[in-house]
Amino acid sequence: MKKKIIVEIGHTAETGAVGHGLKEHAVCRLLGAKLLGIFEEAGYEVRLIDTPVGMSNSQELRWAVEEANRDGGDLLISLHCDASDNAAAHGAHVCYYSTLGQRIGERIMLQGGLARLCPGRSQAVVERRGLYVLRASEMPAVLVEAGFITHAGDARLLASEAGLGQIAACVLAGVEAAEAAGLLGH
């Protein structure tokens, strides 16, 4: 039996990064819908968590993690888009808190191919011990920064149906590699 994946849409509506006519939350909602579909097609049980409108960032984080922990799962994936004042900054990466999260992140970026699809980061997998969504999760957790919304090339990928499908396929392939390695559900 396939594992249960919790996909959390980062930020509340109308919040998060903006760039090239895109809004982070809206992009992540579309990416989350893609992930929901391909994970279900692959036989995974999936729960999509999208924070109610009107919460502050700290309220949103607490609420999302409480929902994920209450629902239980084998992996929490938090979706985000990066942003920078430097328009040349580009590339996807995965953040982690635990060694297990690091190993899952490596599979998403390297085996899943997200680092090839959306290159540019000096580190594809980055430890972020201060991120509440990673630290407070009772299951293995990763935060996927799907690219820089402020970079023209990354934004083209994030704005297209095909691009979001490619990103989702990379995440799925990485999760399948993590499951095959026995990393989910610890």
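Count, please, the residues in the stretch 150-166 that happen to be out of contact with any helix residue (DSSP H, G or I) (no Cβ under 6 Å at 6 or more places or on another chain) and crowded, with 24+ Cβ neighbours inside 10 Å. Selection size over the stretch 150-166: 2.
Table: residues versus (1) of a type in the set (A, V, I, L, M); (2) more than 13 Å from the chain's Cα centre (by Cα).
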| position | (1), (2) |
| --- | --- |
| C95 | no, no |
| Q111 | no, yes |
| R116 | no, yes |
| Q123 | no, yes |
| G130 | no, yes |
| V133 | yes, no |
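Screening R121, R128 for residues that are in contact with a Gly (Cβ under 9 Å, 6 or more places away or on another chain), without any contact (Cβ under 8 Å) to a residue 40 or more places away in the chain and of a type in the set (K, R) leaves exactly one candidate, R121.
Within the stretch 136-144, identify whether any single residue is closer than 16 Å to V7 by Cα, surrounded by fewer than 16 Cβ atoms within 10 Å (Cβ to Cβ) and modelled with pLDDT of 95 or more, and answer yes or no.
Yes: one or more hits.
Could you list, in sequence order, all residues of the stretch 57-88 that are part of a strand (DSSP E or B) and of a type in the set (D, E, K, R)? Selection gives D82 alone.
Would you confirm whether any residue within the stretch 12-19 is outside any loop (DSSP other than H, G, I, E, B) and not basic (K, R)?
Yes: the stretch 12-19 contains one or more residues that are outside any loop (DSSP other than H, G, I, E, B) and not basic (K, R).
Out of G54, G37, G101, G91, one residue alone is out of contact with any Ser or Thr (no Cβ under 8 Å at 6 or more places or on another chain) and part of a loop (DSSP other than H, G, I, E, B). It is G91. Of the residues examined, G153 is not one that is part of a helix (DSSP H, G or I), in contact with a Lys or Arg (Cβ under 8 Å, 6 or more places away or on another chain) and modelled with pLDDT of 95 or more.
The values are calculated or read from the model by the stated rules, or taken from the named source; none is laboratory data. The model shown is predicted, which means the values in this text are computed figures rather than measured ones. Methodologically, a virtual Cβ is constructed for each residue, glycine included, from the backbone with ideal geometry; neighbour enumeration extends over all protein chains shown.
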